[in-house]
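What follows is a short report on a single structure.
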Amino acid sequence: MAPVIDIHAHYFPQRVLKELGEKYPKMKVEVARKGSTVELEMGKFRYQGRVDAGFFGIEKTIEAMDRQRLEKRILSFMPFTLFYEFDEKSAVEATKRCNDFAADIVERHSDRIACMAVVPLHSQEAPDELRRAVKDLGLTGVEIGSNVAGRNLDEKDFRSFFQAANSLGTPIFVHPLYVVAAERLKNYYLRNLVGNPMDTTIAAASMIFGGLLEEFDGLKVILAHAGGFLPYQIGRLEHGYEVRQEPKAVIKKPPSEYFKRLYFDTITHDTRALRFLIEMAGAEHVVLGSDYPFDMAYSDPRGYVEGLGEAADVTEKILGLTSEHLFFG
């Protein structure tokens, strides 16, 4: 029986960010804790909401895992610690420090915790830092944003990173960050509720139509929040490819061929949507995610999947078997 693995959970490297803020004032993080609510501010990033205690302490994260019946959690840092908005020099140092910090967590808790790397994707040093993080530090996977300071992931400058990830066989976790149309989404928490899945969809469509999955046929790409709107609009992309010339500018096959290679976490917040995702992508391309420790997270991510009533082999794939092969196989 494969271990139950949560691939979408976050951690806050408070000590590292405090040290970085002392050296680079623009990176200074303001943190205010009021009970279970936290207010964070760094550069352009703002967050206010409820968080579990594990956000600040790895032991609390493990306690939550025990409650949630999870054997392993693959942590990625909060998306703003990708540092895309900062100059290359400071971003390179910041990602190195965060990766060193993550490696220390893994060394102390390797039986329960794995960590994804972060890289300065807007720097030419991104491939080298990925290789260091994976080969020297033993980190598992790499988290990247859905855009790099407003630039789509298929731009030529990012090719060397994807080539490195392809060669290493490193899973890439695409998480939304600084979403499009943010000003129109500032009310009602729409930046998260609508903006996050929308930006992930743009990222995925850019990767498909931009030829990344065609050029690098070994890429392992996991899309946060069940792939945004992509699984539910892949037919529209397919039709556009058939009737328009623009979608054919780079790729030689229809979008559905590349869609088959993508992976999706389970964060749909609706069992009907999750069943549809499993039908569209296949159980072997859906992996357990919780979004811990935020208020948008599942309190019982394992129970959510088990409650679908799928066949035992389908449930096992989603809960951990696919993730075990992706990240540790």
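Testing LYS252 on (1) surrounded by 21 or more Cβ atoms within 10 Å (Cβ to Cβ); (2) farther than 25 Å from LEU190 by Cα; (3) without any contact (Cβ under 8 Å) to a residue 40 or more places away in the chain, one condition comes back false. Which one is that?
For LYS252, the exception is condition (1).
Can you spot a residue in region 43-60 that is over 20 Å from LYS18 (Cα atoms) and assigned to a helix (DSSP H, G or I)?
Within region 43-60, one or more residues are over 20 Å from LYS18 (Cα atoms) and assigned to a helix (DSSP H, G or I).
Residues of region 26-42 being hydroxyl-bearing (Ser, Thr, Tyr) and either touching a residue at least 24 places away in the same chain (Cβ under 8 Å) or in a strand (DSSP E or B) (or both), which ones?
Residue satisfying the conditions is THR37 alone.
If LEU177 satisfies all but one of (1) out of contact with any Pro (no Cβ under 7 Å at 6 or more places or on another chain); (2) modelled with pLDDT under 95, what's the number of the condition it fails?
Going through the list (1) out of contact with any Pro (no Cβ under 7 Å at 6 or more places or on another chain); (2) modelled with pLDDT under 95, LEU177 breaks only (1).
Which of the numbered conditions does PRO247 fail, given that it passes all the others? Conditions: (1) within 23 Å of MET78 (Cα to Cα); (2) free of Cβ contacts under 8 Å to residues at least 40 places away in the same chain; (3) surrounded by 15 or more Cβ atoms within 10 Å (Cβ to Cβ).
Failed condition: (1).
Can you give me the number of residues within region 218-241 that are of a type outside the set (Phe, Trp, Tyr) and without any contact (Cβ under 8 Å) to a residue 40 or more places away in the chain?
8
Looking at region 264-317, what helices (runs of 4 or more DSSP H) fall wholly within it and have at least 1 residues that are within 18 Å of the chain's Cα centre (by Cα) and surrounded by 15 or more Cβ atoms within 10 Å (Cβ to Cβ)?
Those helices (runs of 4 or more DSSP H) span 271-281, 301-306.
Can you pull out every residue in region 168-207 that is surrounded by fewer than 16 Cβ atoms within 10 Å (Cβ to Cβ) and either in a strand (DSSP E or B) or without any contact (Cβ under 8 Å) to a residue 12 or more places away in the chain (or both)?
Passing the criteria: GLU183, ARG184, LYS186, ASN187, TYR188, TYR189, LEU193.
What residue, of LEU219, LEU237, LEU213, is of a type outside the set (Ser, Thr, Tyr), part of a loop (DSSP other than H, G, I, E, B) and surrounded by 15 or more Cβ atoms within 10 Å (Cβ to Cβ)?
One residue alone meets the criteria, LEU219.
Cβ contacts < 8 Å: first residue more than 15 Å from ILE278 (Cα to Cα), restricted to region 302-327; second residue of a type in the set (Ser, Thr, Tyr) and not in a helix (DSSP H, G or I), any location; separation 6+ or different chain. Result?
From region 302-327, the pairs are LEU326/TYR263; PHE327/THR140.
Check PHE259 against each of (1) within 26 Å of LEU212 (Cα to Cα); (2) of a type outside the set (Lys, Arg); (3) free of Cβ contacts under 8 Å to residues at least 40 places away in the same chain and name the one condition it does not meet.
Among (1) within 26 Å of LEU212 (Cα to Cα); (2) of a type outside the set (Lys, Arg); (3) free of Cβ contacts under 8 Å to residues at least 40 places away in the same chain, PHE259 violates only (3).
Quick one: which of ALA226, ALA164 is more than 12 Å from the chain's Cα centre (by Cα), part of a helix (DSSP H, G or I), modelled with pLDDT of 95 or more and among the small types (Gly, Ala, Ser)?
Within the list ALA226, ALA164, the selection yields ALA164.
Do we have ALA114 as assigned to a helix (DSSP H, G or I), on the phi < 0 side of the Ramachandran plot and either crowded, with 20+ Cβ neighbours inside 10 Å or not hydroxyl-bearing (Ser, Thr, Tyr) (or both) here?
no
Looking for something closer than 25 Å to LEU193 by Cβ, in a helix (DSSP H, G or I) and in contact with a Leu (Cβ under 8 Å, 6 or more places away or on another chain) - is there at least one such residue anywhere in region 66-80?
Checking region 66-80: at least one residue is closer than 25 Å to LEU193 by Cβ, in a helix (DSSP H, G or I) and in contact with a Leu (Cβ under 8 Å, 6 or more places away or on another chain).
The values are calculated or read from the model by the stated rules, or taken from the named source; none is laboratory data. Keep in mind it's a predicted model, so treat the numbers as computed, not measured. Counting neighbours? That spans all protein chains shown, and the Cβs are built from the backbone with ideal geometry, glycine included.
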